[in-house]
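Chemist: Mind looking over this structure? Questions follow.
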Amino acid sequence: MSLVDHRGSRITGATPEALAAYERALTAFQGWRTGVDAELAMALREAPSFVMAHVLRGYQFICSRDPRQVRRGHEVLALAAAKTANPRERMHLAAIAAVLADDYEGAKSRLGELLDEHPRDALALQVAHAFDHVTGDEARMRHRVASVLPAWSPDLPGYHTILSMQAFSLEESGEYAHAQDVALAALELDPHDARAHHAMAHIFEMTGQADAGVRWLRRHAAAWSEGTVVATHCWWHLALFHLARAEWGHALALYDERVRGGRSPAIADLIDAAALLWRLDFHGVDPGARWVELAAAWAAHIDDGFCSFNDLHAALAFVGAREWGLARRLEISLVDAQSKRTRHGNATRELGLASCRAMIAFGRGDDTLAVTLLASLPALAHRLGGSHAQRDVLHLTLREAVERVCAVARRSLQSA
């Protein structure tokens, strides 16, 4: 039976019931909401040869920052590749295969070719957008969304999430007023669009509107915190706004209750936790034993050899906990990784090793070395991936190290 999805693309291997479950799964995936797994399981029980259901499951795995999750994509790819597939579906499978071969640029190119032919393929756009973000390809992220927008209209399902992607791309490009207009347009279509609320949080962060950020996130908390996969990250944003207002107690409470309350092992959550504690330290807030717990959670990822953005935040945790043995193990792992001809090896040579060594030097009080290492990074820092708000930890540490170097110099002059 040949069917067409809700955006006009032909699909193979599905039944009407399986397609309905897949569309519900895709809606949840696009909207950063929970429930994808249950709907996909239903679709595949009904139609085991439903290629796009396998594709969506594969993308769930390979879009992770955790190499253990990414590797699970191999089994999904093997299952899907054995099914009858049309040319568009085979392009999706080729993109998954490229990621599993550590060729993210190749995956982005394949998805770009797919979108040239099928600009309404929402799944291709979302995954390409995610890979642009994780590889720090801000220009392509913005262009990619803009190039497909003419093919979309408000009557198409999921249009508001396309606007949310555009809003985030504009924000990361520094076009904050335009980004806000687009995010608000998305929210007019769906007030519960968690992606649009997340974009608004970034806009308030980058424009220094902490008061507005607190008001917005608290007023709309139900939309972004209930049944979403971005709740922890948005609580992190709220904590940053409280830090900007010198409300240390509020920020620390959010760490305990929301960011680290469930002791999540997910790498995205570990990243948020390390970044928040690091900032709290800057403000003289004693995290107590929190660093030790977090460093223990990061220790399992020392030898991942997968993502420099992860490595940087692992270093923050080890330094914060004064776990110098773990910090040294990470450094040794990165020294080895930089010699490899892999995506992670290239990133480690360009940024990863220097940024982690800078954090270790900073933690040990070698501020001159920290300044030297960090000052060499800004031109390339976007290649770490993550958002401007997340990468700001590099600038904040550089600024703190410079202030400490200057303070030492002033004391030396005064005593001369």
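The values are calculated or read from the model by the stated rules, or taken from the named source; none is laboratory data. The model shown is predicted, which means the values in this text are computed figures rather than measured ones. As a convention, Cβ positions derive from the backbone with ideal geometry for all residues, glycine included, and neighbour counts pool all protein chains shown.
Chemist: Just one of His133, His129 is buried (at least 18 other Cβ atoms within 10 Å of the Cβ), under 16 Å from the mean Cα position of the chain (by Cα) and modelled with pLDDT under 95; which is it?
Modeler: His133
Chemist: Residue check, Ala327 against (1) over 22 Å from the mean Cα position of the chain (by Cα); (2) part of a loop (DSSP other than H, G, I, E, B); (3) surrounded by 20 or more Cβ atoms within 10 Å (Cβ to Cβ), all met but one. Which one?
Modeler: (2)
Chemist: Take Ala130 and tell me if it is in a helix (DSSP H, G or I), among the aliphatic types (A, V, I, L, M) and under 23 Å from Asp311 (Cα atoms).
Modeler: Yes.
Chemist: So is Leu377 within 26 Å of the chain's Cα centre (by Cα), buried (at least 22 other Cβ atoms within 10 Å of the Cβ) and farther than 15 Å from Trp278 by Cα or not?
Modeler: So Leu377 fails the test.
Chemist: Hey, among His233, His242, which residue is closer than 25 Å to His192 by Cβ, in contact with a Leu (Cβ under 8 Å, 6 or more places away or on another chain) and in a helix (DSSP H, G or I)?
Modeler: Of the residues listed, the single one that is closer than 25 Å to His192 by Cβ, in contact with a Leu (Cβ under 8 Å, 6 or more places away or on another chain) and in a helix (DSSP H, G or I) is His242.
Chemist: Separate question: Test of understanding: among His197, His178, which residue is over 18 Å from the mean Cα position of the chain (by Cα) and of a type outside the set (Gly, Ala, Ser)?
Modeler: Exactly one residue qualifies, and that residue is His178.
Chemist: Let me ask another. Give the number of residues within the range 26-47 that are in contact (Cβ under 8 Å) with a residue 12 or more places away in the chain and either within 19 Å of Ala222 (Cα to Cα) or part of a loop (DSSP other than H, G, I, E, B) (or both).
Modeler: Total meeting the criteria: 9.
Chemist: Do you know which residues across the range 1-18 are surrounded by fewer than 22 Cβ atoms within 10 Å (Cβ to Cβ) and part of a helix (DSSP H, G or I)?
Modeler: Pro16, Glu17, listed by residue number.
Chemist: Name the residue, out of Gly365, Gly352, Gly345, Gly305, that is small (Gly, Ala, Ser) and touching a Cys at 6+ places or on another chain (Cβ under 9 Å).
Modeler: Exactly one of Gly365, Gly352, Gly345, Gly305 is small (Gly, Ala, Ser) and touching a Cys at 6+ places or on another chain (Cβ under 9 Å), namely Gly352.
Chemist: Let me ask something else about it. Tally up the residues in the range 106-126 that are under 18 Å from Arg71 (Cα atoms) and surrounded by fewer than 20 Cβ atoms within 10 Å (Cβ to Cβ), please.
Modeler: Within the range 106-126, residues that are under 18 Å from Arg71 (Cα atoms) and surrounded by fewer than 20 Cβ atoms within 10 Å (Cβ to Cβ) number 1.
Chemist: What tally of residues in the range 133-171 results from selecting those that are assigned to a loop (DSSP other than H, G, I, E, B) and small (Gly, Ala, Ser)?
Modeler: 3
Chemist: Give the residue that is surrounded by the fewest Cβ atoms within 10 Å (Cβ to Cβ), with candidates limited to residues of the range 245-257 that are in a helix (DSSP H, G or I) and of a type in the set (Gly, Ala, Ser).
Modeler: Going through the qualifying residues, I end up with Gly249.
Chemist: Continuing with the same structure: Within the set of pairs 6+ apart or on separate chains, which have a first residue in the range 127-154 that is farther than 11 Å from Leu115 by Cβ, a second that is in a loop (DSSP other than H, G, I, E, B) and not charged (D, E, K, R), and C-beta atoms under 7 Å apart?
Modeler: Hits for this filter: Ala130/Cys63; His133/Gly385; Val134/Gly385; Thr135/Gly385; Gly136/Gly385; Glu138/Ser173; Arg142/Ser173.
Chemist: What is the number of the single condition among (1) farther than 24 Å from Thr84 by Cα; (2) touching a strand residue (DSSP E or B) at 6+ places or on another chain (Cβ under 8 Å); (3) surrounded by 18 or more Cβ atoms within 10 Å (Cβ to Cβ) that Thr34 does not meet?
Modeler: Here Thr34 clears every test but (3).
Chemist: Right, another one. In the range 281-324, what count of residues is obtained for those that are at pLDDT below 95, assigned to a helix (DSSP H, G or I) and out of contact with any Gly (no Cβ under 8 Å at 6 or more places or on another chain)?
Modeler: 1
Chemist: Still on this model: Could we say that Ala221 is hydrophobic (A, V, I, L, M, F, W, C), farther than 24 Å from Glu247 by Cβ and in contact with a helix residue (DSSP H, G or I) (Cβ under 9 Å, 6 or more places away or on another chain) here?
Modeler: So Ala221 does not fit the description; no.
Chemist: So how many residues does the range 320-339 have that are touching a residue at least 24 places away in the same chain (Cβ under 8 Å) and under 20 Å from Tyr104 (Cβ atoms)?
Modeler: 1
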